[in-house]
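Please read the structure below before turning to the comments.
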Amino acid sequence: MIHFLPEPKHTCYSGAFIKSINGFTADKIFSRRIIHSAELCCTPGKKGLMLVLEHNPALARNDEYRLEFSSSRVKIISAGEHGAYYAIMTLRQLLESDGIPAEGYIEDWADLEMRILHLDLKRVGWNFEYLMNLPRRIASMKINYLLVEYEDKIKFDFCKIIPAASAFSKDQIRAFAAEAEAHCLEIIPLVQCLGHWEYILKHQKYAGLREYPEDVSMGCPLKPDTFQLFKSMAGEVLELHPNSRFFHIGADETTLLGTCSACSDFKTENSISRLYSDYVNKVFDYIQKENSKTALFWGDMLLHYPEMAEQFLRSAIVVDWSYNPENLREEKIRFRPIRKGALIDVNTYLQEAPPELRKDFDSCVNADAKTGTFDSLPYGGWFAKKGFKVLGASLIRRVFNVLTHAENAVQKNFTG
Ligand SMILES: [Zn+2]
């Protein structure tokens, strides 16, 4: 019995299992990283199969490939690099298991365009060797993006006090990025633009940027140095990832919004949502217009202030994070939009949500755990209705949370 991870779409094979590949040929279109991965599957000089890599643009689904088996050769057919790479990963799983079948085929493609692992480097010190081994391990499971939250783990040039003692040098980060690219993994760097700034605002040098003097979690969006500081960090991180097409700006859980006197006045004269969206739109412009990257952001603040959706740049991708449900089809779905910073279950939502909110979100209350319509990412549909591309984000510590979100992301045609 061969165990694949992940399970390919169609498998049909039989016959004897052959334990080795002794050589390969490849169409010219395949790059050095594919050739190198194919080489690693071969045991030259030993009796075995010939591996043939063939290009066929007709296999156009996400990272699609086809493996064809015969008693003398195994053929990989794909339209692009990624399909070929994942076919090789499947071959490796076969070689590490029973061997390669003598006849039959495997067909596979990904339901989701973006399959992202969030690597959060905050808090603990990371071993560089361990970090360098991650891309190979992650890519073998056909993950194609790595969201890297560096926080204080980069030795910034512009500032010596933000980086932790265990921060990586820029040469180490470049080596890590190259290793990811060699395994068909694209890095999405993440630099928080306003909140989750404990690692910065704990330093006296930056205390003046705090939204509330006693709290180090969030900067003041109206102080020009807040945006300047984000640009200094993001600028150096962008430089380290010239090939990345996406950049995540965080922007979640900024629950102190409107606390300082200037922000409080702005809130009274305009609105709290304007306070947030004016700042975040500036960040979007920097990422999208000045640096030609697509911005990603966590979607929770948009749920606290749904009217902000009209003020936001639609080409940014919203990431709908939720650590519920914890079980595969949990009865309770948590709703965020009623009390700032709080999670509200469906029943509380039905009892407490004001009519203007219910008008927007009632269609998301679709939490029948017993049916196939179970919706573990209820807000995703609301974001999509507002014109955003949507990614669902789960908590890897809870396997059921990952499973239900993946299932829902596919059902709802999310990007990842
Ligand atoms: Zn302020």
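The values are calculated or read from the model by the stated rules, or taken from the named source; none is laboratory data. In this text, all values refer to a predicted model and were calculated from it rather than measured experimentally. Every residue, glycine as well, gets a Cβ built from its backbone with ideal geometry; the counts of neighbours run over all protein chains shown. Surface accessibility is based on the protein's heavy atoms, side chains included, excluding ligands, DNA and RNA. Shrake-Rupley method; radii C 1.70, N 1.55, O 1.52, S 1.80 Å.
Inclusion of I188 among residues that are open to solvent by less than 10 Å² (accessible area, probe 1.4 Å), in contact with a Leu (Cβ under 9 Å, 6 or more places away or on another chain) and outside any strand (DSSP E or B) is not warranted. Considering the conditions (1) more than 23 Å from the chain's Cα centre (by Cα); (2) more than 12 Å from the ligand (Cβ to nearest atom), P213 is excluded by exactly one of them, (2).
On the given criteria, is E307 under 17 Å from S376 (Cβ atoms) and either part of a loop (DSSP other than H, G, I, E, B) or among the charged types (D, E, K, R) (or both)?
Working: under 17 Å from S376 (Cβ atoms): no; either part of a loop (DSSP other than H, G, I, E, B) or among the charged types (D, E, K, R) (or both): yes.
Judged against the criteria, E307 is not a match.
Is it true that T255 is over 21 Å from D152 (Cβ atoms) and of a type outside the set (D, E, K, R)? Step through it out loud before you land on a result.
Values: over 21 Å from D152 (Cβ atoms): yes; of a type outside the set (D, E, K, R): yes.
It is true that T255 is over 21 Å from D152 (Cβ atoms) and of a type outside the set (D, E, K, R).
The C-beta contact set for the range 209-224 (first residue in the same structural domain as H196 (by TED's automatic domain parsing), second residue within 7 Å of the ligand (Cβ to nearest atom) and among the β-branched types (V, I, T), distance under 6 angstrom, 6+ apart or interchain) comprises E211/T259; Y212/T259.
Residues that are within 15 Å of the ligand (Cβ to nearest atom), farther than 22 Å from D120 by Cα and part of a loop (DSSP other than H, G, I, E, B): does the range 232-255 have at least one? No, the range 232-255 contains no residue that is within 15 Å of the ligand (Cβ to nearest atom), farther than 22 Å from D120 by Cα and part of a loop (DSSP other than H, G, I, E, B).
Yes or no: I272 buried (at least 19 other Cβ atoms within 10 Å of the Cβ), over 25 Å from the mean Cα position of the chain (by Cα) and without any contact (Cβ under 8 Å) to a residue 60 or more places away in the chain? In short, yes.
With the structure loaded, tell me whether Y279 is closer than 29 Å to D157 by Cβ, assigned to a helix (DSSP H, G or I), more than 18 Å from the chain's Cα centre (by Cα) and within 16 Å of the ligand (Cβ to nearest atom) or whether it fails that test.
Against the criterion (closer than 29 Å to D157 by Cβ, assigned to a helix (DSSP H, G or I), more than 18 Å from the chain's Cα centre (by Cα) and within 16 Å of the ligand (Cβ to nearest atom)), Y279 qualifies.
When Q172 is tested against (1) polar (S, T, N, Q); (2) surrounded by fewer than 20 Cβ atoms within 10 Å (Cβ to Cβ); (3) closer than 20 Å to V283 by Cα, only condition (3) is not met. Per the conditions (1) closer than 30 Å to V410 by Cα; (2) at pLDDT below 95, the sole criterion not satisfied by G48 is (1).
Within the range 8-26, being of a type outside the set (S, T, N, Q), modelled with pLDDT of 95 or more and loosely packed, with under 14 Cβ neighbours inside 10 Å holds for K9, H10, C12. Please verify whether R358 is assigned to a loop (DSSP other than H, G, I, E, B) and at negative phi, treating the condition exactly as stated. Against the criterion (assigned to a loop (DSSP other than H, G, I, E, B) and at negative phi), R358 does not qualify.
Determine, yes or no, whether M308 is within 25 Å of P189 (Cβ to Cβ), among the hydrophobic types (A, V, I, L, M, F, W, C) and either without any contact (Cβ under 8 Å) to a residue 40 or more places away in the chain or open to solvent by 30 Å² or more (accessible area, probe 1.4 Å) (or both). Before the answer, list the steps.
Details: within 25 Å of P189 (Cβ to Cβ): yes; among the hydrophobic types (A, V, I, L, M, F, W, C): yes; either without any contact (Cβ under 8 Å) to a residue 40 or more places away in the chain or open to solvent by 30 Å² or more (accessible area, probe 1.4 Å) (or both): yes.
Yes.
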